[in-house]
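The values are calculated or read from the model by the stated rules, or taken from the named source; none is laboratory data. These figures come from a predicted structure and were not determined experimentally. All Cβ positions, glycine included, derive from the backbone under ideal geometry; neighbour counts span all protein chains shown.
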Amino acid sequence: MTRGDLYRVARPPGNDPKRFRVFAVVSRQALIDSRFSTVVCAPVYSARHGLSTQVDVGPDEGLRHDSSVHCDELVSLPKPRLTHFVGRLDAEKLRALDDSLMTALGVLDD
């Protein structure tokens, strides 16, 4: 498992109406490689609003449709739930993910 990997998760947490949802792993690699049992992930939705907290993804990343990673909706998922690998964000998308996460968490100065 690597930061930026996309996994399809059955029965996503919360009140998600979907049976499956793709999530992007956003935790730092040191946490992913540790014995810690969960990682922080961001959900992928087909809805794209062009917000600075969203990263556009699609077939180039292994998805069927154009979608976006929503960094405003971070969740902690148990590592064993991340078994169905879909694809991976390239270096450019990882930089965009970093920017979106910083915006979502209020790390950047406006």
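The figures follow:
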quantity: Candidates His65, His70 - the one that is touching a residue at least 24 places away in the same chain (Cβ under 8 Å) and under 26 Å from Arg11 (Cα atoms); calculated: His70
quantity: Lone unmet requirement of (1) within 15 Å of the chain's Cα centre (by Cα); (2) in a helix (DSSP H, G or I) for Val44; calculated: (2)
quantity: Pairs, first small (Gly, Ala, Ser) in the range 34-54, second part of a loop (DSSP other than H, G, I, E, B), C-beta under 6 Å, six or more apart; calculated: Ala42/Val26; Ala42/Cys71; Ala42/Leu74; Ser46/His65
quantity: Residue within the range 78-90 that is without any contact (Cβ under 8 Å) to a residue 60 or more places away in the chain and within 20 Å of Pro12 (Cα to Cα) present; calculated: yes
quantity: Where Gly50 falls short, out of the listed (1) under 19 Å from Glu92 (Cα atoms); (2) under 14 Å from the mean Cα position of the chain (by Cα); (3) part of a loop (DSSP other than H, G, I, E, B); (4) not aliphatic (A, V, I, L, M); calculated: (2)
quantity: The range 2-35 - residue that is modelled with pLDDT of 95 or more and assigned to a loop (DSSP other than H, G, I, E, B) and, of those, surrounded by the fewest Cβ atoms within 10 Å (Cβ to Cβ); calculated: Arg35
